[in-house]
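Since the structure comes first, as structure tokens, the remarks are kept for the end.
The values are calculated or read from the model by the stated rules, or taken from the named source; none is laboratory data. Remember, predicted model here, so these are calculated numbers, not experimental data. Glycine gets a Cβ as well: all are built from the backbone with ideal geometry, and neighbour counts include every protein chain shown.
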Amino acid sequence: MSKSNEGIQPAAFNNNEAANYLGVSASSLEKSRVTGHLLGIPGPTYSRIGKSVRYLRVTCDEWLKSLPQYKHSAEEHVSKQQTSGGAK
């Protein structure tokens, strides 16, 4: 890569790059294209260029923003209890 391109980030990722960017395994991302879900929520959308799969960086960022966000682990615990119907 030339020095003029060093700070430029790609606009699209292949499966392995997208998986790394999203913090999931490449196989989980592949499976999400079949099931439609990744980590229990709808997976990021993708495009095909011939046989190649590409994930847009902006789409990956939007998917990450769609994940539940918590200020602390107690808040996460309460949220999980509410969605599961109460304490076990």
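Data table
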{"read-out": "Residue under evaluation N15, criteria (1) loosely packed, with under 13 Cβ neighbours inside 10 Å; (2) touching a Lys or Arg at 6+ places or on another chain (Cβ under 9 Å); (3) modelled with pLDDT of 95 or more, criterion not met", "value": "(1)"}
{"read-out": "Subset of the stretch 18-31 [more than 10 Å from the chain's Cα centre (by Cα) and touching a residue at least 12 places away in the same chain (Cβ under 8 Å)]", "value": "E30"}
{"read-out": "Failed criterion for T45 (all others in (1) polar (S, T, N, Q); (2) out of contact with any Ser or Thr (no Cβ under 7 Å at 6 or more places or on another chain); (3) assigned to a loop (DSSP other than H, G, I, E, B) hold)", "value": "(2)"}
{"read-out": "Subset tally (residues that are free of Cβ contacts under 8 Å to residues at least 40 places away in the same chain and not in a loop (DSSP other than H, G, I, E, B)) for the stretch 59-71", "value": "5"}
{"read-out": "Extreme residue, nearest to E62 (Cα to Cα), among residues of the stretch 23-42 that are part of a strand (DSSP E or B) and modelled with pLDDT of 95 or more", "value": "P42"}
{"read-out": "Scope the stretch 1-22; condition in a loop (DSSP other than H, G, I, E, B) and of a type in the set (S, T, Y); matching residues", "value": "S2"}
{"read-out": "Residue in the stretch 3-11 that is touching a helix residue (DSSP H, G or I) at 6+ places or on another chain (Cβ under 9 Å) and either aliphatic (A, V, I, L, M) or without any contact (Cβ under 8 Å) to a residue 24 or more places away in the chain (or both) present", "value": "yes"}
